[in-house]
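Student: The structure follows.
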Amino acid sequence: MPNQSTLQQIQSIEGKVRQLVQQYQAGQERLQAAHQEIARLQQVIQEKDAEIKNFQNQDNISKIVQTIAVDTTNSTELKLKINEYLREIDKCIAYLRD
């Protein structure tokens, strides 16, 4: 027959095991939340990279237009047309993302 001290030790061990299991589960939840946050941030980075490329393309196109067009009227018309095309492309990209 186990004595009182042995029962107390078993109960103490059981309590500590329960605490460890709770801590493990909490750690798993934090890890899963961290993985979700990483995935979200990676998506944000991809979107920002796409925006940067878009701005770089627009800048390059503007430079090309300024180089090509000598006449200010033609330059303005060309810029407006290119901007219109870019807006349409952006709409298509947004549509494809959805």
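The values are calculated or read from the model by the stated rules, or taken from the named source; none is laboratory data. As the structure is a prediction and not an experimental result, all values here were calculated from the model. Using ideal geometry, Cβ is built from the backbone for each residue, glycine included, and neighbour counts are taken over all protein chains shown. Ligands, DNA and RNA are excluded from the accessible area calculation, which covers all protein heavy atoms including side chains. Shrake-Rupley method; radii C 1.70, N 1.55, O 1.52, S 1.80 Å.
Student: Restricting the search to the range 76-91, which residues are open to solvent by 80 Å² or more (accessible area, probe 1.4 Å) and within 15 Å of Ile64 (Cβ to Cβ)?
Tutor: Glu77, Leu80, Lys81, Tyr85
Student: I need the full set of residues from the range 1-43 which are over 44 Å from the mean Cα position of the chain (by Cα) and either surrounded by 10 or more Cβ atoms within 10 Å (Cβ to Cβ) or not in a helix (DSSP H, G or I) (or both), in order please.
Tutor: Taking the range 1-43 as the starting set, the residues that turn out to be over 44 Å from the mean Cα position of the chain (by Cα) are 1-12.
Correct list: Met1, Pro2, Asn3, Thr6, Leu7, Gln8, Gln9, Ile10, Gln11, Ser12.
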